[in-house]
Amino acid sequence: MTRAMTAAAASLAVLLASGPAFAQSQPQAAPKGLGRNFEGVWTNATVTRLERPAGYSELVVPKDRAEAADKATAARISAANAPSDLSQGTFKDEDATAGYNNFWIDAGEGLMRVRGEARSSFITSPADGKMPFRDRAKSLALMNRDGAEYRSGKGAYTDPEDLPIRERCIIAQSDAGGPVMLNAIYNNNYSFFVTPGYFVMHLEMNHDVRIAPIFDSAEKARASHAPAAIRPWLGDTVAWWEGDTLVAETKNVNPTQEGRTLTPVSSRGTVTERFTRIAQDELLYQFTVEDPVHYTQAWSGEYSFKPAKGQIYEFACHEGNYSMEGILKGARIAEAEAKAGGR
């Protein structure tokens, strides 16, 4: 991240947060010190995911099993990076899911470690490491439909709004921006800035930015949420300090995002995120989701951001500029062919 980009992010924070909704706020400047300094580039790249996979019964993975999992991941990556055998007809199989080879993927090289412990999932509660959906199929219906269309290459594509958020280049398709902030197969880098009165979360994925004004108490922060009728992308986030921990509370996630995310949050939901610098090379991220519409109980999790190598460069998403036209045109051609064939 260049100084110019840092300054731009800080300026953007002030501009976006200076409207009527924050007219009576009293932002608090960020305290200094290691525990309250989040600057730099961080990554949550890891093979660990939000929910616990089959085969793991506990949150903390025993050392020997964790080492074996890491070695297996390294072997898989090495094999995937080997030269392709073009005699196998690699480019003739019409596999719509084969858009990326391993050169483009940076999903992480081992299990997530938190305070040195290997973890099988981000979720810590419930104890089974699963999201406590009321109706998983219903809450993830659009996500499942989008996934099926992506894998098959076939969909109705009646209008631009029918396309997934990722193909419209609106926000990160991996839910990297939150709430909750998740990892993906690549672009798992983040920059965090604490400006005078604002907390800026800058993502590599889709170049999203989430900005939270910082208040001098939880009560003042919660009282400063925008009206419920305003539901922006990535939600309405406010923040406050609790000792060395920066707490961010998000409400009113955009309704379109609610339906097309792995962690749906309704207009009645609240996500609380906590950022704590627990070591020079570890930024602890904790979250709790409360939403009676989608879940039977509140659920929580945590993972650690680790220092990333290099810096964040521009992520230029062009699908929304170029591919959308082709996708919609293809659907109209398919409709015309079907109509002609039915005569």
>> How many angstrom lie between the Cα centre of region 218-261 and the Cα centre of region 277-313?
In response: 15 Å
>> Treating only the Cβ of Lys, Arg, Asp and Glu as charged (+1, +1, -1, -1), what charge dipole size does region 234-343 show about its Cα centre? Round to the nearest 20 debye.
In response: 540 debye
>> Quick check for me: using +1 on Lys/Arg Cβ and -1 on Asp/Glu Cβ, what's the dipole size of the chain about its Cα centre, in debye to the nearest 20?
In response: 240 debye
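Probe radius 1.4 Å, ligands and nucleic acids ignored: give me the carbon and sulfur share of the accessible area of the chain as a rounded percent.
That fraction is 53 percent.
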> Under a point-charge model restricted to the Cβ atoms of Lys and Arg (+1) and Asp and Glu (-1), what is the dipole moment magnitude of region 287-337 relative to its Cα centre, in debye to the nearest 20?
Replying inline: 260 debye
> Angle between the Cα long axis of helix 63-80 and the longest principal axis of the chain, 0 to 90 degrees, nearest 10?
Replying inline: 50 degrees
> Taking residue 309 as the anchor, which aspartates and glutamates have their alpha carbon closer than 15 Å to its alpha carbon, excluding any fewer than eight residues away along the same chain?
Replying inline: 39, 106, 109, 204, 281, 282
> Helix 141-152 sits at what angle to the longest principal axis of the chain, using alpha carbons and giving 0 to 90 degrees rounded to 10?
Replying inline: 40 degrees
>> Tell me the relative contact order for the chain as a rounded percent, counting alpha carbon contacts under 8 Å between residues six or more apart.
In response: 23 percent
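Using the Cα gyration tensor of region 297-341, with a ≥ b ≥ c the square roots of its eigenvalues, what is the shape: rounded (a/c below 1.5), prolate (a/b larger than b/c) or oblate (neither)? Present the calculation step by step, with values, prior to reporting the outcome.
Values: a/c = 6.08, a/b = 2.00, b/c = 3.04.
In terms of gyration-tensor shape, oblate.
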> Taking Cα atoms, how many degrees apart are the long axis of helix 324-341 and the longest axis of the chain, rounded to 10 and kept between 0 and 90?
Replying inline: 30 degrees
>> Treating the chain as a set of equal point scatterers at the Cα positions, no solvent, please give the Debye-formula log₁₀ I(q)/I(0) at q = 0.09, 0.14, 0.15 Å⁻¹.
In response: -0.54, -1.28, -1.44
> If the convex hull of the alpha-carbon atoms of region 119-193 is projected onto planes in all directions, what is the mean projected area in square nanometres?
Replying inline: 7.3 nm²
>> Test of understanding: what is the full-extension gain from residue 332 to residue 135, defined as 0.36 nm times their sequence separation minus their Cα-Cα distance?
In response: 67.5 nm
> Quick one: Kirkwood hydrodynamic radius for region 179-299, alpha-carbon pairs, angstrom, one decimal?
Replying inline: 15.0 Å
> What FRET efficiency would be calculated for the residue pair residue 219, residue 296, taking the C-beta separation as r and a Förster radius of 22 Å, to the nearest 0.05?
Replying inline: 0.15
> If we sort 281-287, 201-207 on the protection proxy, mean other Cβ atoms within 10 Å, highest first, what's the order?
Replying inline: 201-207, 281-287
>> Name the residue from 123, 185, 140 whose Cα lies farthest towards the positive end of the charge dipole of region 85-238, charges +1 on Cβ of Lys and Arg and -1 on Cβ of Asp and Glu.
In response: 123
> Which of the peptides 168-174, 226-232, 135-141 is most tightly packed, and how do the rest follow, going by the mean number of other Cβ atoms within 10 Å of each residue?
Replying inline: 168-174, 135-141, 226-232
> For the pair residue 103 and residue 278, what calculated FRET efficiency results from E = 1/(1 + (r/R0)^6), where r is the Cβ-Cβ distance and R0 = 25 Å, to the nearest 0.05?
Replying inline: 0.15
>> Here is the link list: 154/339; 138/251; 251/329. Which ones come out longer than 26 Å on Cα distance?
In response: 251/329
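Ranked from highest to lowest mean number of other Cβ atoms within 10 Å per residue, what is the order of the peptides 125-133, 253-261, 240-248?
My ranking of the peptides, most packed first, is 253-261, 240-248, 125-133.
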>> Output needed: percent of Cα pairs per 5 Å distance bin for region 97-256, bins running from 0 to the one holding the longest distance.
In response: 1, 7, 12, 16, 19, 19, 14, 8, 4, 1, 0
> Add -39500 (n - 2.57) for each DSSP H run of 4 or more in the chain, then divide by its residues: what number comes out at 222 nm, to the nearest 500 deg cm²/dmol?
Replying inline: -6500 deg cm²/dmol
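The values are calculated or read from the model by the stated rules, or taken from the named source; none is laboratory data. If you're wondering where the values come from, they're calculated on a predicted model, not measured in any experiment. Glycine gets a Cβ as well: all are built from the backbone with ideal geometry, and neighbour counts include every protein chain shown. Heavy atoms of the whole protein, side chains included, go into the accessibility calculation; ligands, DNA and RNA do not. Shrake-Rupley method; radii C 1.70, N 1.55, O 1.52, S 1.80 Å.
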